[in-house]
Amino acid sequence: MSERRALPNEEINLWAYRLESKSPQEVLQWAVQRFGPDITLASSFGAEDVVLIDMLQKLAPQTPIFYLDTNKYFPETYETRDRLQERYGVSFIQVLPKLTLAEQAELHGENLWEKNPNLCCQIRKVEPLAGILSHFDAWITGIRREQAPTRAQAKKLEWDEKFHLVKCNPLAAWTHEQVWSYIRENELPYNPLHDQHFPSIGCSVCTRPVKPGEDPRAGRWSGFDKTECGLHK
């Protein structure tokens, strides 16, 4: 564990307080100055991540950006990745599960996501995330408090007890409209599924459009008592 990673809780809480009134760009600027090459952005190429990628490219383009490739994303998600890479001239780090889909089926049966989505997320998301984050002292996420009750208390800076590093949430206080205003004003590429009632986009086998009046995350793991993949809770 590096000296940077070993931030005392008092310092994290102090900076969380100081950063609460700051803009996402100011939060990012502080974070990349504080952690340098030891901070990374996790992207699933959703609306919030598109915003953060653009901000980072303007503030600190050397910051590594990775994505957890479950091998089950929508074609539109991979196309959005490609458009972003072309726009900014960067290559995002692909993080794959240890098991291929065929190996997973051999061990746990076909279509694990239909029987045990928690185990599927553990194999294809949580374990790969733990692996990549072990190389960093801090990570940046697109979490917003408005997204779900499980995220309502998110701070702009906090200690990630699950993965044992600092977690930075620059967009925590932003609304849905602020995210989309930024996308429109900066003419950013975004996943076209957002225009088809997909506010939250994960794996194609576990994500459906959201109906009017439904919770924004109702389209994730529909039919299961599950709203998070395990990365944040």
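The values are calculated or read from the model by the stated rules, or taken from the named source; none is laboratory data. Note that the coordinates shown come from a computational prediction; the quantities given were computed from them, not determined experimentally. Using ideal geometry, Cβ is built from the backbone for each residue, glycine included, and neighbour counts are taken over all protein chains shown.
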Would you mind finding the one in LYS162, LYS156 that is basic (Lys, Arg) and surrounded by fewer than 17 Cβ atoms within 10 Å (Cβ to Cβ)? LYS162
What tally of residues in region 16-47 results from selecting those that are farther than 9 Å from PRO170 by Cβ, among the charged types (D, E, K, R) and touching a Leu at 6+ places or on another chain (Cβ under 8 Å)? 0
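The rows are residues; the columns are (1) among the hydroxyl-bearing types (Ser, Thr, Tyr); (2) more than 30 Å from CYS120 (Cα to Cα); (3) part of a helix (DSSP H, G or I).
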{"residue": "GLU11", "(1), (2), (3)": "no, yes, yes"}
{"residue": "ARG18", "(1), (2), (3)": "no, yes, yes"}
{"residue": "ALA31", "(1), (2), (3)": "no, yes, yes"}
{"residue": "GLY36", "(1), (2), (3)": "no, yes, yes"}
{"residue": "THR40", "(1), (2), (3)": "yes, no, no"}
{"residue": "GLU48", "(1), (2), (3)": "no, no, yes"}
{"residue": "GLU79", "(1), (2), (3)": "no, no, yes"}
{"residue": "GLU86", "(1), (2), (3)": "no, yes, yes"}
{"residue": "SER91", "(1), (2), (3)": "yes, no, no"}
Restricting attention to region 130-147, and to residues there that are under 23 Å from PRO216 (Cβ atoms) and surrounded by fewer than 20 Cβ atoms within 10 Å (Cβ to Cβ), which single residue is modelled with the lowest pLDDT? GLU146
So which residues in region 92-121 are farther than 13 Å from ASP69 by Cβ, within 21 Å of the chain's Cα centre (by Cα) and not aromatic (Phe, Trp, Tyr)? PRO117, ASN118, LEU119, CYS120, CYS121
Quick test of your reading of the structure: GLU10 fulfils all but one of (1) under 20 Å from TRP159 (Cβ atoms); (2) of a type outside the set (Phe, Trp, Tyr); (3) crowded, with 19+ Cβ neighbours inside 10 Å; (4) out of contact with any helix residue (DSSP H, G or I) (no Cβ under 6 Å at 6 or more places or on another chain). Name the failing condition by number. (3)
Tell me yes or no: at least one residue of region 126-139 is within 26 Å of VAL210 (Cβ to Cβ) and either in contact (Cβ under 8 Å) with a residue 60 or more places away in the chain or outside any loop (DSSP other than H, G, I, E, B) (or both). yes
Selected residue (criterion: nearest to GLU161 (Cα to Cα)) from residues of region 98-120 that are touching a residue at least 12 places away in the same chain (Cβ under 8 Å) and out of contact with any Leu (no Cβ under 8 Å at 6 or more places or on another chain): ASN118
Could you say which residue among LEU56, LEU84 is in contact (Cβ under 8 Å) with a residue 24 or more places away in the chain, in contact with a strand residue (DSSP E or B) (Cβ under 8 Å, 6 or more places away or on another chain) and not acidic (Asp, Glu)? LEU56
Evaluate the following for PHE66: is it assigned to a loop (DSSP other than H, G, I, E, B), of a type in the set (Phe, Trp, Tyr), under 28 Å from CYS206 (Cβ atoms) and touching a Ser or Thr at 6+ places or on another chain (Cβ under 8 Å)? no
